[in-house]
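Read through the structure below, which is laid out as structure tokens, and then see the notes.
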Amino acid sequence: MDRFDLWAVTNTALGVLTVETDGAVRATVSTTKAASMEVTTVAFPETTGPVSVRWASGGAVFIAGGVAWRSDVKRARVINAGWGGARIADWITTDQPYRAYGSIPAAAPDLSVVCLTINDWNAGTAVATYKAGLGTLVDRCLTTGDVLLMTGCPSDPAQGKASYAAQAALRDAVFEVAATRGLAAPIDGTALFGGSFAGGLMFDSVHPNAAGQARIAEAVRARMMI
């Protein structure tokens with residue numbers, strides 16, 4: 001490796017970091033600046049590592065992550081940015097610039113794959129609210145690259161989850177947002193799982209099992225032509 005991307009939160013009261021390899025300081029990174037999420041790429045002579053990130057001075061520091069790579073090797077970087085229970089409202093919250101919405105420009109994805117339906121339809125999010133929120137998120141992602149939308153696999157109404165009508169309403173909203181933004185047709189989780197809750201592909205009332213996950217992965221792979 002000869003490059004390292006340091007992901008760190010910045011704010012006016014935070015401190016300074018160093019990035020080191022082979023006993024030498026390769027970069028000094030100040031996080032004492034306006035509130036944001038920032039990615040700093042550090043170059044250094046090729047090494048087998050390790051890369052050390054150390055606090056150097058000032059206030060506390062908050063490291064979100066780091067990625068080591070080689071500049072002479074073509075690569076695809078996949079970031080799983082989801083978290084349990086997330087809804088569309090969580091993705092467009094702007095109270096802190098280093099939350100998900102604020103961090104999208106720092107991540108600068110060439111392609112954002114967005115699948116946010118299951119938690120919203122099971123929480124009863126209003127269709128108009130959901131549609132507006134998804135549009136806001138898509139517009140943000142389009143500032144750095146393309147967007148592929150997906151809808152979730154059907155939840156089980158018999159186990160207390162949203163009715164099929166409620167699920168279909170949010171699925172339709174996803175397709176409408178895709179159409180208004182000129183995006184490719186979304187990957188349809190309902191069609192992928194046979195039109196309704198598919199017990200043989202599910203771990204529980206909302207989560208796919210290994211076979212279900214494999215079916216989703218294959219649909220994404222085929223669409224992205226990997």
## Note on the structure
The rounded separation in angstrom of the Cα centers of the stretch 99-135 and the stretch 155-190 is 13 Å
### Query
How large, in percent, is the carbon and sulfur part of the accessible surface of the stretch 1-136 at a probe radius of 1.4 Å?
53 percent
### Query
Any idea what angle helix 164-180 forms with the longest principal axis of the chain, computed on alpha-carbon atoms, 0 to 90 degrees, nearest 10?
60 degrees
### Message
Please list, ordered by chain and number, the residues whose modelled amide H lies under 5 Å from the amide H of Ser112; skip anything fewer than 5 residues away on the same chain.
### Response
Asp146, Val147, Leu148
### Query
So what J values fall out for the stretch 112-129 if you push phi through Karplus, 6.51 cos²θ - 1.76 cosθ + 1.60 with θ = phi - 60°, rounded to Hz, Gly and Pro as x?
10, 9, 10, 9, 10, 9, 4, 5, 6, 5, 6, 8, x, 4, 4, 4, 5, 5
### Query
How high is the relative contact order of the chain, in percent, with contacts defined as C-alpha pairs under 8 Å that are six or more residues apart?
15 percent
### Query
From the backbone phi of the stretch 188-204, what are the Karplus-calculated ³J(HN,Hα) couplings (6.51 cos²θ - 1.76 cosθ + 1.60, θ = phi - 60°) in whole Hz, Gly and Pro given as x?
9, x, 5, 5, 4, 9, x, x, 7, 4, 10, x, x, 10, 10, 7, 8
### Summary
Quotient of Cα radius of gyration and Kirkwood radius for the stretch 80-195, i.e. Rg/Rh, equals 0.96
### Message
Using square roots of five times the C-alpha gyration tensor eigenvalues, list the equivalent-ellipsoid semi-axes of the stretch 153-226 in whole Å, biggest first.
### Response
22, 18, 7
### Gyration tensor over alpha-carbon atoms, the stretch 18-82, equivalent ellipsoid semi-axes in Å
22, 18, 10
### Task
For helix 210-224, report the angle its Cα long axis makes with the longest principal axis of the Cα atoms of the chain; keep it between 0 and 90° and round to the nearest 10°.
70 degrees
### Query
How many Å² of accessible area per residue for the stretch 16-111, probe 1.4 Å?
61 Å²
### Message
For Met202, what residues show an amide H to amide H distance below 5 Å, using hydrogens built from the backbone and excluding near sequence neighbours?
### Response
Asn209
### Summary
If amide H atoms are modeled at 1.01 Å from N in the peptide plane, then the residues at a separation of 5 or more from Val29, or on another chain, having amide H under 5 Å from its own are Leu17, Thr18, Val19
### Task
Report the Stokes-Einstein translational diffusion coefficient (µm² s⁻¹, integer) for the chain, Rh taken as the Kirkwood radius over Cα pairs, at 37 °C with viscosity 0.692 mPa s.
166 µm²/s
### Over the stretch 115-169 - Rg/Rh using Cα atoms and the Kirkwood inverse-distance radius
1.04
### Task
Quick one: what are the phi-derived ³J(HN,Hα) couplings along the stretch 56-66, Karplus 6.51/-1.76/1.60 with θ = phi - 60°, whole Hz, x for glycine and proline?
10, 6, x, x, 5, 10, 10, 9, 8, x, x
### Task
Pull up the DSSP beta bridges for the chain and report the antiparallel fraction as a percent, rounded to 5.
85 percent
### Message
For a quick check of understanding: with a 1.4 angstrom probe and all protein chains in place, what accessible area in square angstrom does Leu201 have, to the nearest ten?
### Response
30 Å²
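The values are calculated or read from the model by the stated rules, or taken from the named source; none is laboratory data. Predicted, not measured: the structure shown is a model, and the values here were computed from it. The area values use the complete protein model at the heavy-atom level, side chains included, leaving out ligands, DNA and RNA. Shrake-Rupley method; radii C 1.70, N 1.55, O 1.52, S 1.80 Å.
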